[in-house]
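Asker: What follows is a single structure, and I will ask about it in a moment.
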Amino acid sequence: MKLLMVCLGNICRSPLAHGIMEHLANEQGLDWEIESAGTGDWHVGEGPDRRSTRTAREHGIDISKQVCRLFRISDFDTYDHIFVMDKSNLSDILSMARNDEDRKKVRLLLGDKIVPDPYYDDTQFEPVFQMIEKGCKEIIKQLT
Ligand code: 4NP
């Protein structure tokens, strides 16, 4: 199974989702491939935001080697599921979908809730971590 985590910058939320899902999948012995991407290109080639890296490290997860990249149309072919953080990610990705098969792969990581962007608020990284971890556990339940 191949899963792609998507947010706006690919430096705060989706790197956390990538690292957390990879960690949980490994713990459960699932042979899943996890990646992440962004819809905006400002940080392409950079590592994750330090606040995300630190928060993940506090939970025993190393995301420091991830590299920011843009979402590309071929991701619809590569991945079985594409999880987005908020409604604007959802509409951005859906606007690139070519057909219903593409559209069916895309959904909010938290199902009916959004993961808010913590970029402008240092205090939100830990709550965002918790939300994403809960969402990832729920997804593992659904997909296994
Ligand atoms: P993310 O947060 O979408 O969770 O990675 C953001 C990071 C950077 C920017 C926006 C959102 N930015 O505008 O640079």
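Asker: I'd like to check something: does the stretch 96-108 contain any residue that is surrounded by 20 or more Cβ atoms within 10 Å (Cβ to Cβ) and outside any strand (DSSP E or B)?
Answerer: Taking every residue of the stretch 96-108 in turn, none turns out to be surrounded by 20 or more Cβ atoms within 10 Å (Cβ to Cβ) and outside any strand (DSSP E or B).
Asker: Search the stretch 30-50 for residues that are hydroxyl-bearing (Ser, Thr, Tyr) and pair each with any residue that is assigned to a loop (DSSP other than H, G, I, E, B) and open to solvent by 40 Å² or more (accessible area, probe 1.4 Å) when their beta-carbon atoms are under 8 Å apart and the residues are at least 6 apart or on different chains.
Answerer: As it stands, the answer is Thr39/Leu8, since those pairs meet every condition given.
Asker: Determine whether the stretch 113-121 contains at least one residue that is more than 13 Å from the ligand (Cβ to nearest atom) and in a helix (DSSP H, G or I).
Answerer: no
Asker: Scan the stretch 109-120 for residues that are open to solvent by 60 Å² or more (accessible area, probe 1.4 Å), without any contact (Cβ under 8 Å) to a residue 40 or more places away in the chain and either of a type outside the set (A, V, I, L, M) or out of contact with any strand residue (DSSP E or B) (no Cβ under 9 Å at 6 or more places or on another chain) (or both) and report the count.
Answerer: Qualifying residue count for the region: 3.
Asker: From Glu133, Glu138, which residue is closer than 14 Å to Leu24 by Cα and open to solvent by less than 80 Å² (accessible area, probe 1.4 Å)?
Answerer: Glu133
The values are calculated or read from the model by the stated rules, or taken from the named source; none is laboratory data. Here the structure is a predicted model, which is why all the values come from computation and not from measurement. Positions of Cβ are generated from backbone atoms using ideal geometry, with glycine treated the same way; all protein chains shown enter the neighbour counts. Note: accessible area is taken over every heavy atom of the protein model, side chains too, but ligands, DNA and RNA are not part of it. Shrake-Rupley method; radii C 1.70, N 1.55, O 1.52, S 1.80 Å.
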